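Below: one structure in structure tokens.
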Amino acid sequence: MTCSSFGKCGSCVLWQMPYDEQLEMKKEKLKEMFSEFNIPEIEVISGPDEHFRARAEFRVWHEDDKSYYAMRKRKEDGRGVIPIEECKIVDRAIYEVMNPLLREIEKNENLRFKLYEIDFLSNSKGELIVTLIYHKKVDESIAKDIKKLKEKFPQIDFIVRKKGRKFVFDKNYLIEELDIDGKVYKYKIIENTFSQPNREINKKMISWALKNSKELKGDLVELYCGNGNFTIPLSENFKKVIATEINKESIEAATFNAEMNKRDNITFLAMSAAEFSDLKKENSPLLSSYDLKNVLIDPPRAGLDSKSREFVNEFDNIIYISCNPETLKRDLETLANGRKIKAFAFFDQFPYTNHMECGVVLEREN
Ligand SMILES: C[S@@+](CC[C@H](N)C(=O)[O-])C[C@H]1O[C@@H](n2cnc3c(N)ncnc32)[C@H](O)[C@@H]1O
């Protein structure tokens with residue numbers, strides 16, 4: 001991949017390294033990081049090396065009568081942001097609309113004035129949610145300007161935000177369709193809730209989790225389930241699933257998604273992982289009908305808090321999806337104790353950056 005922003009933009013720090021070398025370098029890094037554990041060969045799961053990000057956020061830079069997208073500067077160039085002309089890592093539908101959209105916004109002072117940030121969310125059909133974030137008072141009168149934008153960009157639903165206020169034109173979600181191993185799953189993805197950034201890698205992560213949970217007996221507990229991204233396909237491998245997540249809107253989407261995909265063996269609960277851990281301690285009747293042997297976790301970068309780690313440690317089989325090898329390593333110090341690491345995958349969600357996503361399968365040793 002080449003990009004005119006390479007060497008200026010602080011996002012793609014590995015811009016000088018060919019993609020294959022990035023994969024090899026990251027695999028070696030992980031091997032070294034996890035050398036104290038008895039891990040099997042790391043499975044490297046890669047995807048396209050351009051137009052892979054289904055969502056992206058850009059600051060907006062205004063200069064005279066021109067506006068630019070802006071990204072944070074490279075560390076070595078100091079603090080602040082720099083204007084960019086393109087971003088090649090974003091989904092093609094986002095890439096193609098970015099500059100034409102900004103040219104239209106430039107023509108309308110009401111839309112342009114104090115526009116601070118533009119966020120994009122796309123689906124595989126090329127439909128988009130674009131969120132315009134302002135540092136000024138915004139009221140309903142912006143509707144007529146957005147209507148003009150929508151005439152030019154019918155594939156976009158717009159959201160206008162300013163501190164504490166939000167205007168939606170016409171909806172705040174997309175329906176995504178993912179083909180996983182020949183079967184299509186549908187997901188409602190709500191703006192400003194978590195969704196996996198890299199669509200192709202996400203499909204491969206779900207397929208990997210499906211493969212690694214096929215032989216498991218009993219029910220499944222899932223923590224940090226988001227909109228049911230893993231829950232819905234994996235529910236086909238289990239009799240019953242109970243899945244939890246802290247974000248209420250994500251749980252609403254997950255419940256909708258279970259219905260849309262005709263899955264009736266899942267219970268979703270909106271609560272934190274720590275609160276859910278307490279249910280087990282309190283012998284809550286909510287859990288009494290579940291055979292609690294298997295757990296899938298996909299926490300944020302901070303990994304597991306101590307309460308949740310203790311809870312997860314009670315399960316025989318653990319599938320851990322992690323976007324932060326540092327906290328994964330910390331959590332494995334506990335979880336790999338008395339368990340065999342059956343599989344270790346590196347999913348390249350974030351090409352051209354040093355970020356690494358991993359999947360680990362653990363099984364209790366007798
Ligand atoms: C990395 S995302 C994974 C979501 C989902 N598994 C997916 O694949 O889209 C982590 C999720 O954890 C949720 N979360 C963050 N802190 C949490 C907590 N303390 N308890 C439960 N869920 C939490 C976030 O809202 C987010 O949806």
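The values are calculated or read from the model by the stated rules, or taken from the named source; none is laboratory data. A quick note: this is a predicted structure, and the numbers were derived from the prediction, not measured. As a convention, Cβ positions derive from the backbone with ideal geometry for all residues, glycine included, and neighbour counts pool all protein chains shown. These area figures cover heavy atoms from the full protein model, side chains too; ligands, DNA and RNA do not enter into them. Shrake-Rupley method; radii C 1.70, N 1.55, O 1.52, S 1.80 Å.
Out of the residues in region 205-217 that are part of a helix (DSSP H, G or I) and either within 12 Å of the ligand (Cβ to nearest atom) or farther than 23 Å from Ile251 by Cα (or both), state the one that is most open to solvent (accessible area, probe 1.4 Å).
Filtering region 205-217 for residues that are part of a helix (DSSP H, G or I) and either within 12 Å of the ligand (Cβ to nearest atom) or farther than 23 Å from Ile251 by Cα (or both), the one most open to solvent (accessible area, probe 1.4 Å) comes out as Lys211.
Tally time: how many residues in region 40-59 are open to solvent by 40 Å² or more (accessible area, probe 1.4 Å) and closer than 22 Å to Arg330 by Cα?
Total satisfying the criteria: 4.
Further, regarding this structure: So, in region 46-100, exactly how many residues are over 20 Å from Asn123 (Cβ atoms), acidic (Asp, Glu) and in a strand (DSSP E or B)?
Here the count works out to 1.
Specify the residue that is modelled with the lowest pLDDT; the eligible residues are those in region 275-295 that are crowded, with 17+ Cβ neighbours inside 10 Å and within 15 Å of the ligand (Cβ to nearest atom).
Leu279
Take the residues in region 297-330 that are assigned to a strand (DSSP E or B) and more than 21 Å from Phe350 (Cβ to Cβ); name whichever of them is farthest from the ligand (Cβ to nearest atom).
Checking each candidate, the answer is Asn317.
Say whether the condition of being open to solvent by less than 10 Å² (accessible area, probe 1.4 Å) and assigned to a strand (DSSP E or B) is met by at least one residue in region 247-270.
no
Any chance region 343-351 includes a residue that's in contact (Cβ under 8 Å) with a residue 12 or more places away in the chain, in the same structural domain as Pro40 (by TED's automatic domain parsing), assigned to a loop (DSSP other than H, G, I, E, B) and surrounded by fewer than 20 Cβ atoms within 10 Å (Cβ to Cβ)?
no
Yes or no, residue by residue, for (1) closer than 20 Å to Ile206 by Cβ; (2) over 24 Å from the mean Cα position of the chain (by Cα):
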site: Asp278; (1), (2): no, yes
site: Ser289; (1), (2): no, yes
site: Lys293; (1), (2): no, yes
site: Ile297; (1), (2): yes, no
site: Gly303; (1), (2): no, no
site: Arg309; (1), (2): no, no
site: Cys323; (1), (2): yes, no
site: Glu326; (1), (2): no, no
site: Thr334; (1), (2): no, yes
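Right, next: Which residue pairs have Cβ atoms closer than 7 Å, lie 6 or more positions apart in sequence or on different chains, and pair a first residue in region 93-105 that is of a type in the set (Asp, Glu) with a second residue that is assigned to a helix (DSSP H, G or I)?
Every condition considered, the pairs that remain are Glu104/Leu149; Glu104/Lys152.
Based on this model, can you work out whether Lys150 counts as in the same structural domain as Ser67 (by TED's automatic domain parsing), open to solvent by 50 Å² or more (accessible area, probe 1.4 Å) and either at pLDDT 95 or above or part of a strand (DSSP E or B) (or both)?
No.
Now for a separate question. Quick one: would you say Lys162 is away from the ligand (no atom under 16 Å from the Cβ), at pLDDT 95 or above and either touching an Asp or Glu at 6+ places or on another chain (Cβ under 9 Å) or not assigned by TED's automatic domain parsing to the domain that holds Gly303 (or both)?
Answer is no for this residue.
Which condition number does Gly359 fail, the rest of (1) among the small types (Gly, Ala, Ser); (2) part of a strand (DSSP E or B); (3) more than 12 Å from the ligand (Cβ to nearest atom) being met?
The one condition Gly359 does not meet is (3).
Mind telling me which of the residues Phe256, Phe268 ends up being touching a helix residue (DSSP H, G or I) at 6+ places or on another chain (Cβ under 6 Å), more than 19 Å from Ser322 (Cβ to Cβ), at pLDDT 95 or above and more than 9 Å from the ligand (Cβ to nearest atom)? Before the answer, list the steps.
On the way: Phe256 fails: touching a helix residue (DSSP H, G or I) at 6+ places or on another chain (Cβ under 6 Å).
Phe268 is the lone residue from the list that is touching a helix residue (DSSP H, G or I) at 6+ places or on another chain (Cβ under 6 Å), more than 19 Å from Ser322 (Cβ to Cβ), at pLDDT 95 or above and more than 9 Å from the ligand (Cβ to nearest atom).
I've got another one for you. Hey, does region 309-325 have a residue that's on the phi > 0 side of the Ramachandran plot and open to solvent by 10 Å² or more (accessible area, probe 1.4 Å)? It would help to see each step written out before you state the result.
In the first step, residues of region 309-325 are kept if they are on the phi > 0 side of the Ramachandran plot; the result is none.
There is no residue in region 309-325 that is on the phi > 0 side of the Ramachandran plot and open to solvent by 10 Å² or more (accessible area, probe 1.4 Å).
Tell me whether region 186-194 contains one or more residues that are away from the ligand (no atom under 14 Å from the Cβ), exposed (fewer than 11 other Cβ atoms within 10 Å of the Cβ) and either without any contact (Cβ under 8 Å) to a residue 12 or more places away in the chain or not polar (S, T, N, Q) (or both).
No, that holds for no residue.
So, of the residues in region 60-81 that are buried (at least 18 other Cβ atoms within 10 Å of the Cβ) and of a type in the set (A, V, I, L, M, F, W, C), which turns out to be farthest from Cys3 (Cα to Cα)?
Result: Val60.
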